[in-house]
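Structure first, commentary second.
Read-outs: derived from the displayed coordinates by stated rules, not from any lab. These figures come from a predicted structure and were not determined experimentally. Neighbour counts are summed over all protein chains in view; Cβ atoms, including those assigned to glycine, are modelled from backbone coordinates with ideal geometry.
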Amino acid sequence: MTWFYDPRRTYEDNYAHGPFGAFAAAPVDAPPRPARASFLGHPVVSPFGIPAGPLVNAAFCEAAFRNGFDVNVYKTVRTSAHPSHAYPNVLAVHVEGRLAPGRAAPVLADGALDDATSISNSFGVPSRDPDAWQPDMAAAVAAAGDGQLLVGSFQGTHPAPGAPDRESAYIADHVAAAALVVETGVPVLEMNLSCPNEGTGALLCFDGPLVARISAAVKERVGDVPLVLKLAYFGDDAALAGLVDATAGIVDGYAAVNTLPARLVDAAGRPALPGAGRDVAGVCGDGIRWAGLDMVGRLARLRETAARDFAIVGVGGVLTSAHAAAYRAAGADAVMSATGAMIDPGLGAAVRG
Ligand SMILES: Cc1cc2nc3c(=O)[nH]c(=O)nc-3n(C[C@H](O)[C@H](O)[C@H](O)COP(=O)(O)O)c2cc1C
């Protein structure tokens with residue numbers, strides 16, 4: 001089966017020629033569906049779709065909407081152009097059961113994608129220049145039908161080492177990115193705080209006070225547009241509670257979970273991906289479903305105990321509609337699948353039922 005984002009092609013080839021396979025085929029003449037749910041104030045046919053990543057531009061987003069995925073995220077953008085890591089970016093990953101959190105465990109990765117249910121991704125968050133992605137994101141917003149929603153994902157870029165007042169510049173870059181995304185007309189924003197392929201430094205989501213400062217600055221700029229924070233897996237309950245305490249009064253929701261970092265090796269134990277700084281990469285799919293469900297359950301408890309009303313987006317290892325239902329039962333208001341949707345482009349229609 002050809003995946004709509006085809007890992008056997010480069011990122012640029014996918015961007016220029018995708019989507020591929022059945023996902024890209026001519027539309028089935030399906031009758032319009034009534035909205036049966038709402039997400040962050042917007043009516044949706046089904047609160048299910050594809051998270052930031054595989055939908056690299058408007059052509060992919062348009063196909064996702066057409067295939068019955070109703071809440072979709074345009075891949076994370078930045079305030080300036082940023083190249084993708086070298087090919088390959090997505091490898092099949094062999095995980096026995098659950099992928100352990102942490103970077104220590106080596107994971108066997110190879111190119112045999114046909115039967116894969118867990119994969120790596122190592123892109124380094126590539127972005128076009130805003131002059132290119134803004135009109136394209138606006139086209140993706142316009143591709144949403146009735147009861148469908150496009151979410152715009154963005155992240156800040158660290159200023160160069162030695163630049164003056166690096167923290168202020170880092171905050172300002174988030175604000176600038178959010179403002180550029182809002183100009184495209186997106187109804188919901190998602191701020192990526194959790195990319196494990198962005199160098200070896202600590203992830204932004206683990207610095208609650210800084211996330212609160214950034215979120216407040218972004219919200220001040222974007223006004224009423226809902227803001228969701230995309231989180232990594234938190235091993236520590238107190239750290240997650242601290243982040244929620246610091247930000248729940250500012251933002252409108254949390255999406256969990258991003259990929260889990262793992263040390264990818266080939267059959268000989270050597271790093272599976274070429275180039276410096278890529279020995280650890282994000283793993284997603286079947287092996288991380290436990291982590292997404294765990295995060296959603298903990299966020300739902302934090303919401304309930306403090307009588308808060310933020311939204312929760314459940315992500316990670318959703319390969320079937322039963323997995324999506326498990327996320328809803330754990331407390332997710334919306335559910336998304338990246339790996340599962342790539343494997344089965346009929347997943348959106350199956351979840352709609
Ligand atoms: C090809 C690919 C690219 C991704 N790129 C991004 C990204 O740009 N921003 C982001 O927040 N998450 C990104 N992700 C992570 C997904 O949004 C999601 O959190 C993760 O894949 C877990 O979901 P899954 O198990 O359904 O794949 C990417 C995932 C994949 C598979």
Rounded Å value of the spacing that divides the Cα centres of segment 131-208 and segment 49-81: 14 Å
What nm distance separates the two modelled labels at Asp110 and Arg221, each placed 7 Å from Cα along Cα→Cβ? 4.6 nm
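Give, in nm to one decimal, the length gained when the segment between Ala81 and Met1 is fully stretched (0.36 nm per residue of separation minus the Cα-Cα distance). If you can, show how the numbers build up before the last one.
Values: separation 80, 0.36 × 80 = 28.80 nm, distance 3.22 nm.
Taking 0.36 nm per residue and subtracting the Cα distance, the gain is 25.6 nm.
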Can you grab the distance from the C-alpha centre of segment 248-271 to the C-alpha centre of segment 293-353, Å, no decimals? 16 Å
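Rg(Cα) of the chain divided by 2.2 N^0.38 Å?
On the way: Rg = 18.6 Å, N = 353, 2.2 N^0.38 = 20.4 Å.
For the chain, the normalised Cα radius of gyration is 0.91.
Mind ordering 315-325, 204-214 by average Cβ neighbours within 10 Å, highest first?
On the way: 315-325: 22.1, 204-214: 19.4.
Descending mean neighbour count gives 315-325, 204-214.
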Antiparallel DSSP beta bridges within the chain, percent to nearest 5: 35 percent
Asp165 versus Glu304, label points 7 Å from Cα toward the beta carbon: distance in nm? 4.5 nm
Roughly how many debye, to the nearest 20, is the charge dipole of the chain about its Cα centre, given +1 on each Lys and Arg Cβ, -1 on each Asp and Glu Cβ, and no other charges? 360 debye
Along the positive direction of the dipole of the chain (beta-carbon charges: Lys, Arg +1; Asp, Glu -1; about the Cα centre), which of Gly18, Val315, Ala276 reaches farthest? Val315
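Full extension from Ala267 to His94: what is 0.36 nm times the residue separation minus their Cα-Cα distance, to one decimal in nm?
On the way: separation 173, 0.36 × 173 = 62.28 nm, distance 1.10 nm.
Using 0.36 nm per residue and subtracting the Cα-Cα distance, I get 61.2 nm.
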